[in-house]
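Colleague: Quick one: this structure, given as structure tokens, is what I'll be asking you about.
Throughout, read-outs are computed from the coordinates displayed, never taken from laboratory work. Just so it is clear, the structure is predicted and the values come from calculations on it, not from any experiment. Positions of Cβ are backbone-derived with ideal geometry, glycine not excepted, and every protein chain shown enters the neighbour counts.
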Number of protein chains: 2
Amino acid sequence: MKDTQKEKLEHEERIRCALESMPSEDDVAELAARFKAISEPSRLKILLALSCGELCVEHLTQAVGGNQSAVSHQLKTLKDHRIIKCRRQGKQVIYSIADGHILTMISVAKEHLNCNE
Amino acid sequence: MKDTQKEKLEHEERIRCALESMPSEDDVAELAARFKAISEPSRLKILLALSCGELCVEHLTQAVGGNQSAVSHQLKTLKDHRIIKCRRQGKQVIYSIADGHILTMISVAKEHLNCNE
DNA sequence: TTATCATATGAATAACAATTCATAAGTTAT
DNA sequence: ATAACTTATGAATTGTTATTCATATGATAA
């Protein structure tokens with residue numbers, strides 16, 4: 001009976017920790033939205049491509065293999081969530097990954113592919 | 001004229017890299033699906049809660065603040081994508097995060113919240 | 001200024017996913 | 001075997017998101 005008692009206490013401790021450390025609704029929502037932005041195949045391809053360095057829209061369109069309009073919409077989504085940033089250079093707009101955290105995510109994700117769990 | 005030439009070559013190099021290093025359609029699709037699994041607020045909450053340690057469904061239901069059926073559906077989604085795993089203990093089913101990569105992701109995500117870029 | 005090239009956007013349809021409700025299934029205790 | 005408890009699931013509705021098409025905007029060159 002003592003062991004189950006102990007286990008029960010551990011469970012209580014964990015749920016307490018889970019409830020206390022839970023970020024606010026708003027923070028969770030924003031975080032989820034950012035994950036969602038990454039979670040469509042073509043947007044993920046854009047990020048995978050950008051992990052090689054900055055690229056213009058035309059090249060990104062080649063990289064994802066879609067059409068220009070779709071890619072622009074996808075870029076907007078990523079930009080709105082501050083996952084990528086851009087700068088204009090003449091006629092072209094050149095996109096790049098916004099910060100190190102995102103790059104880390106993409107790297108971890110790539111690793112995941114390679115070791116397959 | 002020499003500088004733009006050099007830049008152009010760099011661009012070509014990058015798009016070449018992007019195209020060559022792009023994972024297969026299937027791999028990208030699976031990766032995207034896994035990100036998507038993480039990207040709903042209540043599923044993200046489940047993962048944030050589980051980052052404190054394993055929890056049973058009832059406690060997880062408390063942690064996300066939803067109803068039991070919804071949480072079970074969400075758990076199934078996460079489990080189907082091998083983001084969480086579970087074991088039965090008596091009447092209860094106890095869930096935990098499936099592997100280190102996922103934990104890393106959640107940690108990076110949490111950091112992201114704290115430093116806000 | 002007009003023509004051309006590169007990118008962005010609004011609106012609509014089409015595809016997809018989340019939540020709910022009712023109920024089933026597995027586990028333990030009586 | 002039945003009841004009580006915990007978790008899972010199917011089906012339907014509702015809500016969301018992606019893609020497409022047509023067109024607009026912004027930049028450069030002629």
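Colleague: Please average, across the residues of A:32-44, the number of beta carbons from any other chain that are within 10 Å of each residue's own beta carbon, and give a whole number.
Modeller: Mean partner-chain Cβ count within 10 Å for A:32-44: 6.
Colleague: How large is ³J(HN,Hα) for each residue in the stretch B:17-33, as worked out from phi by the Karplus curve 6.51 cos²θ - 1.76 cosθ + 1.60 (θ = phi - 60°), to whole Hz, x for Gly and Pro?
Modeller: Along the stretch B:17-33, the couplings run 4, 4, 5, 5, 8, 5, x, 5, 3, 4, 4, 4, 4, 5, 4, 4, 4 Hz.
Colleague: May I ask for the distance between the Cα centers of the stretch A:71-114 and the stretch B:31-51, given as a whole number of Å?
Modeller: Measuring centre to centre over Cα atoms gives 20 Å.
Colleague: If R₀ is 45 angstrom, what is the calculated FRET efficiency for the pair B:L103 and B:L9, using the beta carbon separation as r and rounding to 0.05?
Modeller: Efficiency for this residue pair is about 0.65.
Colleague: Shifting gears a bit: Could you give the dipole magnitude of the stretch B:2-115 about its Cα centre, charging the beta-carbon of Lys and Arg +1 and that of Asp and Glu -1, in debye to the nearest 20?
Modeller: 600
Colleague: Same structure again: Modelling each spin label as a point 7 Å along the Cα-to-Cβ direction, I'd like the B:S21/B:R82 distance in nm, to one decimal.
Modeller: The two pseudo-label positions are separated by 2.4 nm.
Colleague: Going by how many other Cβ atoms sit within 10 Å of their own, how do A:R14, A:R82 line up, fewest first?
Modeller: Going from sparsest to densest Cβ surroundings: A:R82, A:R14.
Colleague: Right, something else. How much length is gained on full extension from A:Q62 to A:Q92, taking 0.36 nm per residue of separation minus their Cα-Cα distance?
Modeller: 9.3 nm
Colleague: Follow-up. When a footprinting reagent is the concern and you count Cβ atoms within 10 Å, what order do B:S39, B:S69, B:S107 take, fewest first?
Modeller: B:S69, B:S107, B:S39
Colleague: Would you pull out the residues with amide H under 5 Å of A:I84's amide H, same chain only if 5 or more places away, H placed 1.01 Å from N?
Modeller: HN-HN under 5 Å from A:I84: A:K79, A:A98.
Colleague: Please work out whether the protein assembly as shown counts as rounded, prolate or oblate from its C-alpha gyration tensor, where a ≥ b ≥ c are the square roots of the eigenvalues and a/c under 1.5 means rounded, while otherwise a/b larger than b/c means prolate and anything else oblate?
Modeller: In terms of gyration-tensor shape, prolate.
Colleague: Turning to a different aspect of this structure: Using only alpha carbon pairs under 8 Å that are at least six residues apart, calculate the relative contact order of chain B and give it in whole percent.
Modeller: 21
Colleague: Right, something else. Give me the angle, in degrees from 0 to 90, between the Cα long axis of helix A:100-115 and the longest principal axis of the Cα atoms of chain A, rounded to the nearest 10.
Modeller: 80
Colleague: Against the 2.2 N^0.38 Å scaling, with N counting residues, where does the stretch B:13-117 land? I'd like the Cα-based Rg ratio to two decimal places.
Modeller: 1.25
Colleague: Provide a whole-number value for the mean count of partner chain Cβ atoms within 10 Å of the Cβ atoms in peptide B:64-71.
Modeller: Averaged over the peptide's residues, the number is 1.
Colleague: Let me ask you something else. Using θ = phi - 60° and the Karplus curve 6.51 cos²θ - 1.76 cosθ + 1.60, what whole-Hz ³J(HN,Hα) does each residue of the stretch B:49-61 get, with Gly and Pro shown as x?
Modeller: Computed from phi, the couplings for the stretch B:49-61 are 5, 5, 5, 8, x, 5, 9, 7, 4, 4, 5, 4, 4 Hz.
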